[in-house]
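Written out below as C-alpha cells is the structure these notes cover.
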Amino acid sequence: MINGRRIVVVMPAYHAERTLRRTYEAIPHDVVDEVILTDDASGDATAEVARSLGIHTVVHETNRGYGANQKTCYAEALRRGADVIVMLHPDYQYEPRLVTPIASMVASGVYDIVLGSRILGGTTRAGGMPLWKYIANRALTLIENLALGAKLSEFHTGFRAYSREALQKMALRANSDDFVFDNQVLAQAIALRLRIGEISCPTSYHPEASSIGFARSIRYGVGVLATSAAFIAWRVGIARPRIFDSKPEDRLDAAHHAR
C-alpha cells in the first residue's frame, strides 16, 4: 500500500510468455498489493507462466482486442478492491521499477491519472522507437493538445496509473476494443476535468517487445483524429458522442465485471 491505498498492477497480455517473468520480477512488490493479468487468448503459455508466478489470471476465450483486454483488467481490479490501478505491459517495454512513483502520484491525491511519458527526458529515440513512430507521435500529440485544450507531452503511452474513482467516472465500456481505447480514455478524462500528471519513463524497443505495424498504426492514427473531432463536436454542442455522454451501463463497477 501507499498512503493506505491498495495498489494493483494490471497487465493486458497477448503472447507475453517470454517477457512476463522478467517484467513481474522487476515490479516493486513491497508497495504493490496484487498483480492481475488478462490473457487475450494468446497462442502461447502466457497464462500458464502468469499462474506459476502467483499472478491472478483472467483468460479471454477468444481474442477481443487491446481495448477489451483493458476493460477486463480494470473491472477485475475494481472488483478486487483496488484504490490505485497501474497498467503495465508485460513485454518489458516500460520500466516496471517506476510503478512506485507513478502509483504514488495518484495515491497522494494530487492526480487522478498519471502517464509514464516516453517523450519527457529525451531518450525516446535512444530507446529504439522507430523514427516514423516518433514523428507520428509528435504530430498526433500536437493535434490532440490543440483540439482538446491540453498540454501533455504525449497521448500514446501504455504505462498509466488511475485512481479507482477516475476509472469509475469514465464511460470505458463505450470505448473501442482496439488500440484507440487508450486515446479515448484521455479524451474522456479531459472532458471530465480529471487531473492528469506525467513522469518521465524510458522505454526499450527490443525484439520481444509488443508493437503494432505500419498498417495498424495508420488505423490507430485515423482513430485518434476521429476521437479529437468527436471531442470538438461534443464541446461545441453539435453532437453527443457516446464516449462523452456517459450512461450508467457504460461505466465500470465492482458488481459488473467481464469474465
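The values are calculated or read from the model by the stated rules, or taken from the named source; none is laboratory data. Values in this document were obtained by computation on a predicted structure and should not be read as measured data. Please note: Cβ atoms are built from the backbone with ideal geometry, for glycine as well, and neighbour counts cover all protein chains shown. These area figures cover heavy atoms from the full protein model, side chains too; ligands, DNA and RNA do not enter into them. Shrake-Rupley method; radii C 1.70, N 1.55, O 1.52, S 1.80 Å.
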(message) Leaving out ligands and nucleic acids, and using a 1.4 Å probe, what accessible area per residue does the chain come to in Å²?
(response) 43
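Scan the chain and note any complete DSSP helix (H) whose C-alpha atoms cover at least 24 Å along its axis and whose Kyte-Doolittle average is 0.5 or more. Walk me through the numbers on the way to the answer.
On the way: long enough: 131-148 (25 Å, 0.64); 214-236 (33 Å, 0.92).
Both cut-offs are met by 131-148, 214-236.
What is the percent carbon and sulfur in the accessible area of the chain, measuring with a 1.4 Å probe over the protein chains and ignoring ligands?
Working: 5980 of 11070 Å².
Whole-percent figure for carbon plus sulfur exposure: 54.
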(message) Rg and Dmax in Å for the chain, alpha carbons only: what are they?
(response) 17.1, 52
(message) Suppose a student asked you for the relative contact order of the chain, using Cα pairs under 8 Å spaced at least 6 residues apart; what percent would you report?
(response) 24
(message) Per q in 0.18, 0.19, 0.22 Å⁻¹, report the Debye log10 I(q)/I(0) for the range 36-163, using one uniform scatterer on each alpha carbon and no solvent.
(response) -1.17, -1.24, -1.37
(message) Could you give the length gained by full extension between ARG138 and ARG21, i.e. 0.36 nm per residue of separation minus their alpha carbon distance, to one decimal place?
(response) 38.9 nm
(message) Given axes a ≥ b ≥ c from the Cα gyration tensor, I'd like to know whether the range 136-229 is rounded (a/c under 1.5), prolate (a/b larger than b/c) or oblate.
(response) rounded
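Can you give the translational diffusion coefficient of the range 108-179 in µm²/s, computed by Stokes-Einstein from the Kirkwood radius over Cα pairs at 10 °C and 1.306 mPa s?
On the way: Rh = 14.0 Å.
Rounded to a whole number, D works out at 113 µm²/s.
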(message) What FRET efficiency comes out for ALA226 versus ASN63 if R0 is 22 angstrom and r is the Cβ-Cβ distance? Round to the nearest 0.05.
(response) 0.45
(request) Specify the residue with the greatest mean-square fluctuation among GLU61, GLU76, GLU154, computed from a Gaussian network of the chain linking alpha-carbon atoms under 10 Å apart. (result) GLU61
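Of the cross-linked pairs LYS133/LYS169; LYS169/LYS247; LYS71/LYS247, which ones have a Cα-Cα span greater than 20 Å in the structure shown? All intermediate terms of the calculation are to be shown ahead of the outcome.
Working: LYS133/LYS169 31 Å; LYS169/LYS247 10 Å; LYS71/LYS247 16 Å.
The answer is LYS133/LYS169.
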(request) Determine the distance separating the Cα centre of the range 19-38 from the Cα centre of the range 153-170; give it in Å without decimals. (result) 19
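Taking only Cα atoms of the range 14-55, what ratio of Rg to Rh do you get with Rh as the Kirkwood inverse-distance radius? Display every interim value, and only then the final one.
Numbers: Rg = 10.3 Å, Rh = 10.7 Å.
Here Rg/Rh amounts to 0.97.
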(message) Can you tell me the mean projection area, over all orientations, of the convex hull of the range 11-89's alpha carbons? Units nm², please.
(response) 4.8
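How much FRET efficiency would the formula 1/(1 + (r/R0)^6) give for VAL31 and SER200, where r is the Cβ-Cβ distance and R0 is 22 Å, rounded to 0.05? If you can, show how the numbers build up before the last one.
Numbers: r = 19 Å, r/R0 = 0.88.
Between VAL31 and SER200 the formula returns 0.70.
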(request) Pick out, from VAL236, CYS73, GLY4, the residue whose Cα sits farthest towards the positive end of the charge dipole of the chain, with +1 on the Cβ of Lys and Arg and -1 on the Cβ of Asp and Glu. (result) VAL236
